[in-house]
Structure formats: C-alpha cells, structure tokens
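Asker: Attaching a single structure in structure tokens format; questions to follow.
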Amino acid sequence: MRKHAKAAVALVVAAAMGTGGCAGAGSFNSGSDTVTIAMVSNSQMQDAIALSGEFERENPGTKLKFVSLSENQARAKITASVATHGGEFDVVMISNYETPQWAKNGWLVNLSKYQRETPGYEVADFIPSLQKSLSYQGDMYSVPFYGESSFLMYRKDLFEQAGIVLSAEPTWDQVAAAAAKLDDPANGRSGICLRGKPGWGETLAPLDTVINTFGGRWFDENWHAQLTSPEVVRAVEFYIDLVREHGEPGAATSGFSECATQLSQGNTAMWYDATSAVSVLEDPASSKVVGKIGYAPAPVVQKSNSGWLYTWSLGIPASSDKPDAAWKFISWMTGKQYIRMVGEKLGWSHVPPGSRMSTYQIPEYAAASKAYGPLTLSSMQGVDPEHPTVAPVPYTGIQFLAIPEFQDLGTRVSQQISAAVAGRISVRDALEQAQQYADAVGRSYRENQ
C-alpha cells in the first residue's frame, strides 16, 4: 500500500503545483503566535470563520489565519502540503478518505493523547461510524467538524400540487417520474438538480451511490475494472439522462454549491445530495423555501441504505511546529460548546450536523431539525462503508474508494462523466476511457497480490 500511496500522491502533488489551486492563498509565513488553518469554503466553515473572534478572545495569545479554498482546490493544496511536509498549515480540513491513509503514512499527529487530556471533550460522544472512519489502529488522527450522509430534498408544496406521493424509501424510477412531471423550464424551474461538476468529491459523490444501488462496482474481487459492466452503464446512463433531460441548466459545471443555490432560490423541485445542505435550505437569510422542503432517504434500485458517509474533519500535519496551539483551536471548533454557540448566535439551522450524538439531544436543535435531523442521524448510522455494493468488492468506501490512487483516478473518471453530462462525448465513450484508467490501477493491485 505504501508503494501505491507514493505513486498516487506524486500525481496529486504534481497536479496541485501545476494548476491554480494555490491561487488566492497568499503568503503562508506566520508568526509564532499564529495558527494557520486550511479549510474548504462551505457554509459551515464560513460560520466558523465568522465566530473565530470568540476563540481569539478566549485565547489572547493565539491568532488564527484561515486559508479558505473551494473543495477541489483545497484537496489539491492540502494534499501537496501535507505529503511534502511543507509546513504551511497547522490545521487541515480533511475527511474520512484521507485520514486513515495519511495516518498510516505518518503524515498526521495522533490526537488521542490530546483528547484524553482535554477536560469535557467526550470522544465517546462522536457518532460511532465517524469515529471509526477517522481512526487508524484504534487512535483518532482527525476529529469531525460535521458529518453527513445523503438524502433526497424535494419541494413539498410542488409535490402536493402535482399529486405526487413518494414512498417511504423512494426509488430512482419514482424520482425520475417526479422530475419529468415537475420540470418547468418556461418558468425557470428544473425537475431536479444533480452534480455534474468534475472532481472525485463533486459529481462522483452522488453518482457512486447510484452506481452502488444499481448493482454496479468499480472493481470485482480480483481488482478487474468494472466500469463498462451492464450495471454501471445503466446507472450512469440513468443519471446523465435524468440531469440532461430534467436537470438544471449548466449541469456540467454544477456542484454542491450551485445546486444549493438552485433549490434554496426555488429554481428546482428536487435535489439529491448531502444531508448537510439543510444549513442553507433552512436558513431564512439564504433561502426562499424555508419550511417547504421535504426530506427522504437516498433513492434506491437494488441496494437499500444507499446514502454515503462523509465527514469534514480537522487534523494536525506532522510538519506543524505548533501542535499544542493547533489542538486548542481544533478542540474549540469540534467541541460541544461550539455547537451550542453556533445555534445561539447564528441560528439552529447553522449547527454543524452529524458529528456528535449529543447535538440531537439539544431541545432547540431537536425542534428546529424535526424534519431532517432524525433522518440525517439514521442515515449515517445505517450505511456500511465496508460493504458498499451489491456484489463483493476488494475496497471500502461508499462514494469513494479508500485507496490512495482514488484522488487521481476519481478525478480523471469524473472529467469523463462531466464531459458526457455536457454532451461532448457519449456515456459509452466516457466509460470506455474510465475503464482504461481503472484497469491501470487494478492491474497494479493484481500484480502485488
């Protein structure tokens, strides 16, 4: 695995240094009292930046410097820095994809000692599936800021007007039929919004769950690529036909943020994506559809519990020379007190969901999240990253493969999918090229068995 990790990281580092992923980051030279944090520019992270003055007031000897980047840029920049021991960052926002692999490589600080020595931090309060996914050999190497699964979000009022009733566990056929019925381009409303933007963490996140529930897989048990199998072809054709026929304009450049805007502004009837989207949809300051959204489990075909499991978490690179100060910030941002502060200062819809069990026991949050909170928690508890597909596979992970090569492989495959969404190539041609990429990775595993 270390051989695979080095090869995969070399590709990612080269890509990061050869693209604009560093743009806007500025100088990373910091004073001795400054903790530099690399973050993804999602709404919950922007809330943390807005509240960071509270931390600095409580810790007058420490200043915080945030480097906020888009998801694809952040992945590239953080990976390049941590893998090369660059030392630019003291805290990095990563996920359950990177954490176990980077811990094995010695790139992250073991946080278990810090956790034990921090009064009231309560590691046992983390949702068990997330705690396990962020651990290596029993110790945690990053801690969750928020966690998520995926579900279907839909306009209850439009469904009622059209006489559409979803089953308790909706199927993708039901979703497609509803999208066709509610598609109204003349009035600027699409039937559904689905990601089509390139990136292994963008379009592949929802698409991989569709592939899984259609009975598809990336590799068979012997690492033979399966991206041109009938099951994968059917899944990808279904997804792309749906978004091309009844999806949002410019789907090939739409990711999480773009679809959040589409639904929150009333420009689409449905959206299948991360459970964390509620922070945008249920916030009166950013949404026109507060209280109008219904929530349903991830749609299925063959495999039930088809939602994903993901967390944005905070870790300390082994190259940081300020691990104590870095942990002080991390424990603040991932602690129970921070969650309550967000609700009280910014509103309960802003609370980072899916990290701690106790969040769902806060009366104010339970009331505010009645429509989506229990479903978020049950979705995260019900998925199984160790058995993500109908047929057996040699990898773990639901919307990603937990192998070092997936950052590069997934990005390359996503580019083919996005091109098919844009209509530049056919689905069959996209998957033929994707199969070649996957076969090269699978061959390296077969040769080392």
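The values are calculated or read from the model by the stated rules, or taken from the named source; none is laboratory data. Nothing here was measured: the structure is a model prediction, and the numbers come from that model. All Cβ positions, glycine included, derive from the backbone under ideal geometry; neighbour counts span all protein chains shown. These accessible areas exclude ligands, DNA and RNA; they are computed on the full protein's heavy atoms, side chains included. Shrake-Rupley method; radii C 1.70, N 1.55, O 1.52, S 1.80 Å.
Asker: If the reach is capped at under 13 angstrom between alpha carbons, list the aspartates and glutamates near Lys292, excluding any in the same chain fewer than eight residues apart.
Answerer: Counting by Cα, and skipping residues close in sequence, Lys292 has these aspartates and glutamates nearby: Asp157, Glu160, Glu282, Asp283.
Asker: Once fully extended, how much extra length lies between Glu237 and Ala168, figured as 0.36 nm per residue of separation less the alpha-carbon to alpha-carbon distance?
Answerer: Numbers: separation 69, 0.36 × 69 = 24.84 nm, distance 2.52 nm.
Full-extension gain reported as 22.3 nm.
Asker: Take peptides 165-173, 148-156, 329-337 and line them up by average Cβ neighbours within 10 Å, highest first, as a rough protection proxy. Please list the in-between numbers first.
Answerer: Details: 165-173: 14.0, 148-156: 24.4, 329-337: 19.9.
The densest-packed peptide leads the list: 148-156, 329-337, 165-173.
Asker: Under 19 Å Cα to Cα from Lys63, which aspartates and glutamates show up? Leave out anything in the same chain fewer than 8 places away.
Answerer: Asp33, Asp47, Glu54, Glu88, Asp90, Asp321, Asp324
Asker: So what is the accessible area of the chain per residue, in Å², with the probe set to 1.4 Å? Provide the component values of the computation, followed by the final result.
Answerer: Working: 17110 Å² over 449 residues.
Value returned for the chain: 38 Å² of accessible area per residue.
Asker: Right, another one. Measuring from centroid to centroid over Cα atoms, what is the spacing of segment 346-362 and segment 49-76 in Å?
Answerer: If you average the Cα positions of each part, the centres end up 20 Å apart.
Asker: Then there's this: How high is the relative contact order of segment 79-174, in percent, counting Cα pairs under 8 Å that sit 6 or more residues apart?
Answerer: Details: 57 pairs, mean separation 22.4, N = 96.
Relative contact order comes out at 23 percent.
Asker: Once you charge only the Cβ atoms, +1 for Lys and Arg and -1 for Asp and Glu, what is the size of the charge dipole of the chain about its Cα centre, to the nearest 20 debye?
Answerer: Details: 36 positive and 45 negative charges, 82 e Å.
Computed charge dipole of the chain: roughly 400 debye.
Asker: Here's something else I'd like to know. Hey, rough spin-label estimate for Glu386 and Ala186, points 7 angstrom out along Cα→Cβ, what's it come to in nanometres?
Answerer: Between Glu386 and Ala186, the label points sit 5.5 nm apart.
Asker: Additional query: Hey, what did the chain get for relative contact order, percent, Cα under 8 Å, at least 6 apart? Kindly include the intermediate steps, with their values, before the conclusion.
Answerer: Working: 847 pairs, mean separation 106.7, N = 449.
With pairs under 8 Å counted, the relative contact order is 24 percent.
Asker: Also, I was wondering about something else. With point charges of +1 on the Cβ of Lys and Arg and -1 on the Cβ of Asp and Glu, referenced to the Cα centre of the chain, which listed residue (Ala402, Phe89, Ser426) lies farthest in the positive direction of the dipole?
Answerer: It is Phe89.
Asker: Express in whole angstrom the spacing between the alpha-carbon centres of segment 144-191 and segment 222-299.
Answerer: 9
Asker: Under a cut-off of 16 Å between alpha-carbon atoms, report the lysines in cross-link reach of Lys336, not counting same-chain residues fewer than 8 places apart.
Answerer: Once the sequence-local lysines are set aside, what remains near Lys336 is Lys328, Lys345.
Asker: Calculate the spin-label point distance for Arg244 paired with Thr396, positioning each point 7 Å from the Cα along the beta-carbon direction, and give it in nanometres.
Answerer: Spacing of the two 7 Å Cα→Cβ label points: 3.7 nm.
Asker: For the full complex of protein chains and a 1.4 angstrom probe, list His246, His85 by accessible area with the highest value first.
Answerer: Values: His246 40, His85 100 Å².
If we order His246, His85 from most to least accessible, we get His85, His246.
Asker: Could I ask something else about it? Answer with a single label: of [x] 26; [y] 37; [z] 30, which was calculated as percent of Cα pairs over 34 Å apart from the structure in view?
Answerer: [z]
Asker: Mind checking which helices in the chain clear 20 Å along their axis (Cα) and have mean Kyte-Doolittle hydropathy of 0.5 or more, DSSP H runs only?
Answerer: On the way: long enough: 2-18 (24 Å, 0.88); 43-58 (23 Å, -0.68); 230-246 (23 Å, 0.04); 406-421 (21 Å, 0.12); 427-447 (29 Å, -1.07).
Helix filter hits for the chain: 2-18.
Asker: Taking the full set of protein chains and a 1.4 angstrom probe, give the accessible area of Glu122 in square angstrom, rounded to the nearest 10.
Answerer: 90
Asker: Hey, what number do you get for the chain at 222 nm if only DSSP H runs of n ≥ 4 count, each worth -39500 (n - 2.57), divided across all residues, to the nearest 500?
Answerer: Details: 18 runs with 197 residues, N = 449.
Helix contribution divided over all residues of the chain: -13500 deg cm²/dmol.
Asker: Relative to the present Cα-Cα distance, how much length would full extension add between Glu160 and Asn110 at 0.36 nm per residue of separation? Before the final figure, lay out each step's value.
Answerer: Numbers: separation 50, 0.36 × 50 = 18.00 nm, distance 5.12 nm.
Taking 0.36 nm per residue and subtracting the Cα distance, the gain is 12.9 nm.
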